[in-house]
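Quick note: the coordinates plus some simple rules give every number you see, no bench work behind them. None of these values were measured; they are calculated from a predicted model. With ideal geometry, Cβ positions are generated from the backbone for all residues, glycine too; neighbour counts draw on all protein chains shown.
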Amino acid sequence: MRHGDKINNLGRTASHRAALLSNLASQLIAHKRIVTTLAKAKSLRTYVEPLITKAKENTTHQRRIVFSYLQDKDAIVELFGTVAEKVAGRPGGYTRIIKLGKRLGDASETAMIELVDFNEIYGKGKGEAKESGKRTRRAGGRKKTADKTETAAPAAAVEKESASETKEASAK
């Protein structure tokens, strides 16, 4: 029985599983997104998110701890450099798993795991999407259009005043 056993062994020994997750984590950090099986992606998320949290604190001690997991100097430089800068304000949830469907060869579920802050489609323009993309049936939208006409009217009045001032100046 496997009561309370939360680790997915992925059909591998402990050393093989550690090497697999280390390599997947290094590739995820290097490429920002990878395609793998759903089970591996879910295991990778629990493996790599604590490492990204450790990368927020750029000390020698944290670098050595993360290096003991990854064993890849290029991945460490990337993780503590660009990745740590992007995720500095995020309190967790650094990865996203998107299911892709079944693989043709063995019909296993595939998924894309990616770093959330490096996706330009979902991440950028959150404020813009709320203003322009979302439509509601509430009457609050009418006030915004009324405000725009009110702000446009004083601007037109200022232009008329400046035009009349220039005419008076030219008449003198």
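List of remarks:
- Sites Lys73 and Phe118, calculated FRET efficiency, Cβ-Cβ separation with R0 25 Å, nearest 0.05: 0.75
- Residues Thr46, Thr110, Thr36, Thr60, ranked from the fewest to the most other C-beta atoms within 10 Å, line up as Thr60, Thr46, Thr110, Thr36.
- Between region 70-110 and region 1-53, the alpha-carbon centres lie 10 Å apart.
- Shape of region 14-128, Cα gyration tensor, a/c cut at 1.5: oblate
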